[in-house]
Amino acid sequence: MLIKQLSVFLENKSGRLNEVSNILGQAGINMSAFTVADTSEFGILRLLVADHEKAYKVLRENFFSVSLTDVVCLNCPNEPGALGKALQILSDNEVAIEYLYAYSVGESANVVIKPDNIGKCIKVLQEHQLELVKASDLYKI
Amino acid sequence: MIWNEKIECATRGEMRLLQGERLRETVQRIYHNVPSYRKKMQAVGLTPADILSVDDLAKLPFTTKIDLRDNYPFGLFTVPMSEIVRLHASSGTTGKPTVVGYTRKDIQMWAEVVTRSLCMAGVHRNDVVQIAYGYGLFTGGLGLHYGTENLGASVIPISGGNTSKQIQLMEDFGSSVICCTPSYALNIAEVLKEMKVDPATLKLRVGIFGAEPWSEAMRKEIEAKLQIKAIDIYGLSEIVGPGVSCECEHQCGMHINEDHFLPEIIDPETLQPVAPGELGELVFTTITKEGIPLIRYRTRDLTRLIYDKCECGRTLVRMQKCKGRSDDMLIIRGVNVFPSQIETVLLQMSEVEPHYLMIVEREGTLDTLTLMVEVQEQFFSDEVRKLQELRMKITRSIESILGISVNVKLVEPKTIERTAGKAQRVIDKRRL
């Protein structure tokens with residue numbers, strides 16, 4: 001249930017995102033999710049890709065600072081209140097969220113969560129019969 | 001007025017004789033009281049008997065900041081701590097500061113040379129002297145303070161900062177002399193303008209500026225904006241602090257108080273003395289100091305010596321405004337900064353050699369330091385909060401070691417240019 005997310009350090013200057021996507025594109029790596037956390041000084045690009053090991057390698061070869069982070073991907077219905085229900089469960093069980101991003105495709109939505117305690121997060125969500133996306137499934141999207 | 005005419009106007013022969021006598025005494029003292037000096041002399045086969053006059057000076061081994069660090073804190077003191085009445089410190093090349101100790105007699109000698117300097121600048125006992133150098137471990141504030149009291153002028157010991165208060169006291173107390181760093185003088189000029197105070201309404205007449213390099217262009221600017229005479233004073237804490245040398249009203253080089261601090265100019269590469277009048281590194285031997293006498297101390301400041309008689313009547317040798325440094329030390333807002341200090345801080349946060357670049361700029365009248373640090377894998381965290389914490393941690397550590405504020409910028413790996421030889425650690429964009 002663990003999903004490997006790539007995180008890339010970016011300075012706030014134009015063209016850097018473009019460069020990352022070109023490098024991955026040329027290496028034939030597809031991105032399935034993608035978000036940028038930004039501050040006035042710098043940004044952190046977080047992405048889910050089909051082949052994270054290869055992506056990690058090519059980005060490092062191009063002198064980016066890259067790390068791999070374990071995240072959880074929750075699949076919930078694309079309807080009002082669905083996300084709230086999941087977050088309530090995490091909150092009730094004292095699982096804090098460092099950050100989260102989501103994307104919806106048709107009937108369902110995928111929510112990528114970086115919790116403070118990933119083991120507990122998975123356990124709690126599974127206990128409540130919430131659907132977690134497996135890494136192998138996610139990359140097919 | 002010449003404070004000590006007998007010394008300041010002595011003939012070259014008289015001065016050399018006095019210097020020779022004092023040098024002999026100093027060498028005796030350090031040889032018998034400081035093991036590390038004795039070892040260094042023995043290593044080159046020297047005994048005190050080999051040093052008879054100033055002509056023998058070049059036989060003695062050099063002393064550097066590294067010797068001060070290796071003997072930290074009090075290893076080079078020639079007297080027991082019971083004789084030391086004051087300690088001052090300045091930046092060392094790494095985390096440890098450079099410490100100097102003064103005996104009661106050293107403090108008196110220091111006051112004497114500062115009083116001479118004030119007289120050179122045209123200050124007299126009726127003046128009101130506002131001392132806006134920092135008071136504390138830094139020698140600027142207390143050095144000028146004791147000299148001014150010794151002269152009999154009135155001291156305003158306001159220390160640095162709080163510019164609007166500085167101006168208020170200038171107006172209310174009628175300050176006629178201001179002592180601070182040249183960049184702070186320009187800052188005062190700027191605030192005067194903002195506060196709509198016409199400098200012509202102030203009694204300010206003379207400024208005594210030092211602790212950082214400044215150009216003739218900057219002198220003209222200060223003189224025009226504050227409507228004063230701007231005098232350059234030189235010193236370093238290792239030798240005594242301010243008052244090692246100072247300009248007279250003719251502003252044609254700084255008269256060295258050479259009856260206390262014996263100057264030489266050497267080639268920083270070959271370490272050999274240069275021909276008279278040539279540019280090179282300034283080296284001082286203190287010949288009256290008791291607390292921590294220094295033998296052939298390499299200042300790393302580049303200048304030349306002028307032995308012609310000055311129009312003011314003084315025969316004390318003059319040194320030109322410093323032309324730069326023979327090491328990588330920077331002076332930012334009067335504070336000595338070594339790239340190695342920054343490196344030490346960064347190394348404490350990671351095992352790997354950090355890549356960094358210091359950029360010094362002058363924004364308006366004040367110098368700013370920006371530090372670019374490459375976010376290598378060992379620094380990188382996926383969380384914004386942790387990176388911001390890292391940035392704050394670097395900022396705070398550097399500020400606490402250097403005592404000046406720094407703007408830390410995290411940049412991507414390989415942003416900072418690599419050169420084949422020594423890494424470029426500093427870009428100084430100030431036009432001094």
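Tallying residues that are more than 17 Å from the chain's Cα centre (by Cα) and either outside any helix (DSSP H, G or I) or within 14 Å of another protein chain (Cβ to nearest Cβ) (or both) within region A:66-93 yields 6.
Residue B:241 meets each of the listed conditions (1) touching a Cys at 6+ places or on another chain (Cβ under 9 Å); (2) farther than 16 Å from residue B:2 by Cβ apart from (1). Out of B:390, B:410, B:346, one residue alone is within 12 Å of another protein chain (Cβ to nearest Cβ), in a helix (DSSP H, G or I) and crowded, with 19+ Cβ neighbours inside 10 Å. It is B:390.
Quick one: would you say residue B:253 is buried (at least 21 other Cβ atoms within 10 Å of the Cβ) and within 30 Å of residue B:75 (Cβ to Cβ)? So residue B:253 fails the test. Among residues of region A:14-26 that are away from chain B (no Cβ under 12 Å), those with a beta-carbon under 8 Å from a residue that is in a helix (DSSP H, G or I) at least six positions away or on a different chain give the pairs A:23/A:58; A:23/A:59; A:24/A:55; A:24/A:58; A:24/A:59. A single member of B:225, B:165 is in contact with a Pro (Cβ under 8 Å, 6 or more places away or on another chain), without any contact (Cβ under 8 Å) to a residue 40 or more places away in the chain and not polar (S, T, N, Q), and it is B:225. Mind checking whether some residue in region B:319-340 is free of Cβ contacts under 8 Å to residues at least 40 places away in the same chain, over 30 Å from residue B:64 (Cα atoms) and away from every other protein chain (no Cβ under 12 Å)? No, region B:319-340 contains no residue that is free of Cβ contacts under 8 Å to residues at least 40 places away in the same chain, over 30 Å from residue B:64 (Cα atoms) and away from every other protein chain (no Cβ under 12 Å).
Within region B:204-224, the only residue that satisfies the criterion of being in contact with a Phe, Trp or Tyr (Cβ under 9 Å, 6 or more places away or on another chain) and of a type in the set (Lys, Arg) is B:219.
Residue pairs whose Cβ atoms lie under 6 Å apart, separated by 6 or more positions or on different chains, with the first residue in region A:28-41 and at the interface with chain B (Cβ under 8 Å from one of its Cβ atoms) and the second surrounded by 16 or more Cβ atoms within 10 Å (Cβ to Cβ) and assigned to a strand (DSSP E or B), are A:37/A:44. In region B:71-90, the residue that is nearest to residue B:290 (Cα to Cα) out of those that are over 19 Å from the mean Cα position of the chain (by Cα) and aliphatic (A, V, I, L, M) is B:79.
Checking B:147, B:160, B:136, B:101 one by one, the residue that is of a type in the set (Gly, Ala, Ser), assigned to a loop (DSSP other than H, G, I, E, B) and touching a residue at least 24 places away in the same chain (Cβ under 8 Å) is B:160 and no other.
Any chance region B:216-235 includes a residue that's polar (S, T, N, Q) and surrounded by 19 or more Cβ atoms within 10 Å (Cβ to Cβ)?
no
Entry remark, region B:288-342: residues being modelled with pLDDT under 95, in a loop (DSSP other than H, G, I, E, B) and at positive phi number 2 in total.
When region A:43-65 is limited to residues that are assigned to a helix (DSSP H, G or I) and within 26 Å of residue A:120 (Cα to Cα), the one that is nearest to the other protein chains (Cβ to nearest Cβ) turns out to be A:52.
Would you call residue A:112 in contact (Cβ under 8 Å) with a residue 40 or more places away in the chain, within 14 Å of chain B (Cβ to nearest Cβ) and more than 19 Å from residue B:380 (Cβ to Cβ)?
For residue A:112, the condition - in contact (Cβ under 8 Å) with a residue 40 or more places away in the chain, within 14 Å of chain B (Cβ to nearest Cβ) and more than 19 Å from residue B:380 (Cβ to Cβ) - is met.
Among all residues of region B:35-55, there is at least one that is of a type in the set (A, V, I, L, M), under 28 Å from residue B:117 (Cα atoms), out of contact with any His (no Cβ under 7 Å at 6 or more places or on another chain) and at pLDDT 95 or above.
Out of A:116, A:137, report the one residue that is within 15 Å of the chain's Cα centre (by Cα) and closer than 20 Å to residue A:89 by Cβ.
Exactly one residue qualifies, and that residue is A:116.
Within region B:182-193, how many residues are surrounded by fewer than 17 Cβ atoms within 10 Å (Cβ to Cβ) and either farther than 24 Å from residue B:214 by Cα or in contact (Cβ under 8 Å) with a residue 60 or more places away in the chain (or both)?
The number of residues fulfilling the criteria is 1.
Against the numbered list (1) within 12 Å of another protein chain (Cβ to nearest Cβ); (2) exposed (fewer than 15 other Cβ atoms within 10 Å of the Cβ); (3) small (Gly, Ala, Ser), residue A:106 comes up short only at (1).
The values are calculated or read from the model by the stated rules, or taken from the named source; none is laboratory data. As the structure is a computational prediction, the values presented were derived from the model and not from experiment. Using ideal geometry, Cβ is built from the backbone for each residue, glycine included, and neighbour counts are taken over all protein chains shown.
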